[in-house]
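Novice: Can you keep this structure in mind? I'll have questions shortly.
The values are calculated or read from the model by the stated rules, or taken from the named source; none is laboratory data. None of the values given here were measured: they were computed from a predicted structure. Using ideal geometry, Cβ is built from the backbone for each residue, glycine included, and neighbour counts are taken over all protein chains shown. For the accessible areas, the whole protein counts, side chains as well, though only heavy atoms, and no ligand, DNA or RNA atoms are used. Shrake-Rupley method; radii C 1.70, N 1.55, O 1.52, S 1.80 Å.
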Amino acid sequence: MSTNISIDYITHTFKGADAPTLKDIELKIQPGEKIALIGRSGCGKSTLLHMLAGLLLPSEGCVRIHGHQVSKPSAKWNMMFQKASLYPWMSVRENAELGLVFAGKKDPAKIDYLMSLVGLTDKADANVQSLSGGQQQRVALARSLATSPDLLLLDEPFSALDAFTRSSLQDEVADIVSREDLTMVIVTHDIDEAVAMADRVLIMSANPGRIVGEMAVDLPFPRNRASVEFSRSREQLMNQFESLVGDADLEHSQAETVDTNKTESETTDAQKAA
Amino acid sequence: MSSTSSVTAIDGSAREGGINWSAVYKFSLTAIAYPLMGIAVMVALWWLGGWMIANNPDTSSFADFAPAPAFARLLDLVANGYVLEATIPSLERIGLGLLWAALLGVPVGVAIGLYAVVREVSHVPFQFLRMISPLAWMPIAVLAFETWDGAIVFLIAVAAIWPILFSTAQGVRRIDPLWFKVAKNLGADGSQMLRRIILPAIGQDIFAGVRLAVGVAWIVLVPAEYLGVTSGLGYAINDARDTLEYDTLAAMVVVIGIIGFFLDGICVSMIKRLSWHAEG
Ligand SMILES: Nc1ncnc2c1ncn2[C@@H]1O[C@H](COP(=O)(O)OP(=O)(O)OP(=O)(O)O)[C@@H](O)[C@H]1O
Ligand SMILES: [Mg+2]
């Protein structure tokens, strides 16, 4: 079953930091929505996602799922990371089943189904270290889905994969999310990924992290990356992103900040824009 | 190590059909010839030492130390059950000492690895205690324990706990933080986190600590068995010295070395079994 989420004026200051990382974030997510969160490195996307997962509590404000305040992690809202983080002493199957084992509800039939859903039936008994990066992320996806979550939180889950694997996994995950009637929030650096997977793209800016704009992507699934509509959405999002957070960044580079972090994020973005 | 590589080599040759002579050659070299050469050098040096002792009028009464009388005596002692009789109590003491060391060292090591506060509070006392020679505890052990056996087990445990504790702590600190995050997210409670994530993740580190612990425990065992007890390998050595049976003494030294070697082999195979690192 899907879930409505509301983020009520979250502000977060990390211990020891003098300025807030997130400020006054307010957001409502409808059941079944696919949200992409884009923004420069360090603007607080992962921090916000951790709060949705209950892995981090905001210093002010709260996250509500179904009207209930999120105060701790739960297998009902599952997070996937850039690294698959599989447990190497467990087989593919045992990894996927872990959430069910924790809950004391082993369900071999369900794992069989998930293995076929992510296309790993013939690898079910393999050592996870023998899998490719893409296959490992599929195992992580199966593991996240096993506990029947309402909400799937993805923190740049495909950014370590090659372009072909990445785009096919984007389509598969979007498809699974629709079919299983989940709500999804994906954090990404990749405009293409946002347009390929999301109904709604939120743009975050840094210092302090806040949501400065959003754009609906009104294309049917599965999305055709070669279509004119796709290119148009992509361009529109790129322009909107540039106008909302691009300028701020330009000022920084003209001021020649010595902050190495900033310089690094500018280089990656320059590469992306090229 | 050498046995695994040889197995793959033989597998490879079988697939090609026919015997891969270069693999067989390599196997016989690493698994048989090199160890035999090592043993030969060791025995040769021993023989040389024995020869020098025998030819020096001041030391010639110790001539039975030499390899020939020692091995002859060793065969007798194995045959009449003396070796087994001496070995069993020693292994029991080692086993109990290691068990106590692990029962205390692993949980404390896990706590040190997980919690910075525990780590910082325990740092000074543990580094201090660790530096005290286990044998320095002897008088205290004798006072504190009613039986000699209890005192010996205590001395072994005191020696063995540190490598187990520190290796466990180090293993915990090396665990990928994401593994904790994912498990928490999947609904793991504290005991599930310990049983399903932490312990499997550090199994090999625990046994790497046990391996070091076996080494020091085995070293401490012999002098500890000079204490009151009338059984065990240390007692047998002490007894042989008192009765001037130098061939028995040398034979028991060989026994101690061989058993230590096998105990180490058991630890190495446990480390291998619990290791989840991908091959190669
Ligand atoms: N545990 C922490 N303690 C203190 N500061 C932190 C902590 N985690 C993150 N931060 C800071 O908060 C800011 C936002 O970090 P966050 O990881 O959310 O960024 P992000 O948008 O996900 O970046 P990226 O795209 O590089 O992953 C950064 O400036 C970071 O240094
Ligand atoms: Mg991040």
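Novice: Taking θ = phi - 60°, what integer Hz values does the Karplus form 6.51 cos²θ - 1.76 cosθ + 1.60 yield along segment A:221-238, in sequence order, with x for Gly and Pro?
Specialist: Per residue, the Karplus-derived 3J(HN,Hα) values read 9, x, 8, 9, 5, 8, 6, 5, 4, 4, 4, 5, 4, 4, 5, 4, 5, 4 Hz.
Novice: Out of B:I19, B:A201, B:A251, whose Cα points farthest toward the positive end of the dipole of the protein assembly as shown (charges: +1 Lys, Arg; -1 Asp, Glu; placed on Cβ)?
Specialist: Going by the charge dipole, the pick is B:A201.
Novice: Once fully extended, how much extra length lies between A:E60 and A:F221, figured as 0.36 nm per residue of separation less the alpha-carbon to alpha-carbon distance?
Specialist: Numbers: separation 161, 0.36 × 161 = 57.96 nm, distance 3.72 nm.
Additional length available on full extension: 54.2 nm.
Novice: What accessible area, in Å² to the nearest ten, does a 1.4 Å probe give for B:W137?
Specialist: We get 60 Å² for B:W137.
Novice: Still on this structure, please answer the following. Say each of A:S6 and B:V124 gets a label point 7 Å from the Cα, pointing the same way as Cα to Cβ; how far apart are those two points in nm?
Specialist: Computed distance between label sites A:S6 and B:V124 equals 5.4 nm.
Novice: Hey, how many Å between the Cα centroid of segment A:81-126 and the Cα centroid of segment A:12-74?
Specialist: Segment A:81-126 and segment A:12-74 have Cα centres separated by 28 Å.
Novice: Taking the mean number of other Cβ atoms within 10 Å as a proxy for protection, how do you rank B:69-80, B:117-128 from highest to lowest?
Specialist: Working: B:69-80: 15.7, B:117-128: 12.2.
Peptide ranking by packing, descending: B:69-80, B:117-128.
Novice: Ok, one more. Express the carbon and sulfur contribution to the solvent-accessible surface of segment B:75-273 as a percent, rounded to the nearest whole number, probe 1.4 angstrom.
Specialist: 70
Novice: Would you mind working out the magnitude of the charge dipole of chain B relative to its Cα centre, with +1 at each Lys and Arg C-beta and -1 at each Asp and Glu C-beta, to the nearest 20 Debye?
Specialist: Using Cβ point charges on Lys, Arg, Asp and Glu, chain B gives about 1380 debye.
Novice: Name the residue from A:A196, B:I140, A:Q69 whose Cα lies farthest towards the positive end of the charge dipole of the protein assembly as shown, charges +1 on Cβ of Lys and Arg and -1 on Cβ of Asp and Glu.
Specialist: Among A:A196, B:I140, A:Q69, the one farthest towards the positive end of the dipole of the protein assembly as shown is A:Q69.
Novice: For segment B:42-59, what does the Karplus curve 6.51 cos²θ - 1.76 cosθ + 1.60, with θ = phi - 60°, yield as ³J(HN,Hα) per residue in whole Hz, taken in order and with x for Gly and Pro?
Specialist: Whole-Hz 3J(HN,Hα) from phi for segment B:42-59: 4, 5, 4, 5, 4, 4, 4, x, x, 5, 5, 5, 5, 8, 9, x, 5, 10.
Novice: I've got another one for you. How about segment B:169-204: which trypsin sites (Lys or Arg not before Pro) there lie in a loop by DSSP and see at most 12 other Cβ atoms within 10 Å?
Specialist: On the way: sites: B:R173, B:R174, B:K181, B:K184, B:R195, B:R196; in loops: B:R174.
Within segment B:169-204, the qualifying trypsin sites (Lys or Arg not before Pro) (loop, at most 12 other Cβ atoms within 10 Å) are B:R174.
Novice: Could you give the accessible area per residue of the protein assembly as shown, probe 1.4 Å, as a whole number in Å²?
Specialist: For the protein assembly as shown, the per-residue accessible area is 51 Å².
Novice: While we're looking at this one, here's another question. Between segment B:176-227 and segment B:44-116, how many Å separate their Cα centres?
Specialist: Between the Cα centre of segment B:176-227 and that of segment B:44-116, the gap is 27 Å.
Novice: Oh, and also: If you find the alpha carbon centre of segment B:229-280 and of segment B:24-40, how far apart are they in angstrom?
Specialist: 22
Novice: Moving on. If I model a spin label as a point 7 Å beyond the Cα along the Cα-Cβ vector, how far apart are those points for B:N55 and B:I219 in nm?
Specialist: 3.4
Novice: Now for a separate question. Using the structure shown, select from A:K105/B:K184; A:K45/B:K181; A:K72/B:K184; A:K123/B:K272 the pairs with a Cα to Cα distance greater than 19 angstrom.
Specialist: Over 19 Å Cα-Cα: A:K123/B:K272.
Novice: Can I ask one more? Taking the dipole about the Cα centre of the protein assembly as shown, with the C-beta of Lys and Arg at +1 and of Asp and Glu at -1, give me whichever of B:L29, A:L57, B:A54 is farthest to the positive side.
Specialist: Positive-end residue among those listed: A:L57.
Novice: Which FRET efficiency value, to the nearest 0.05, is calculated for B:L103 and A:D18 with the Förster distance at 56 angstrom and r the Cβ-Cβ distance?
Specialist: It comes out at approximately 0.75.
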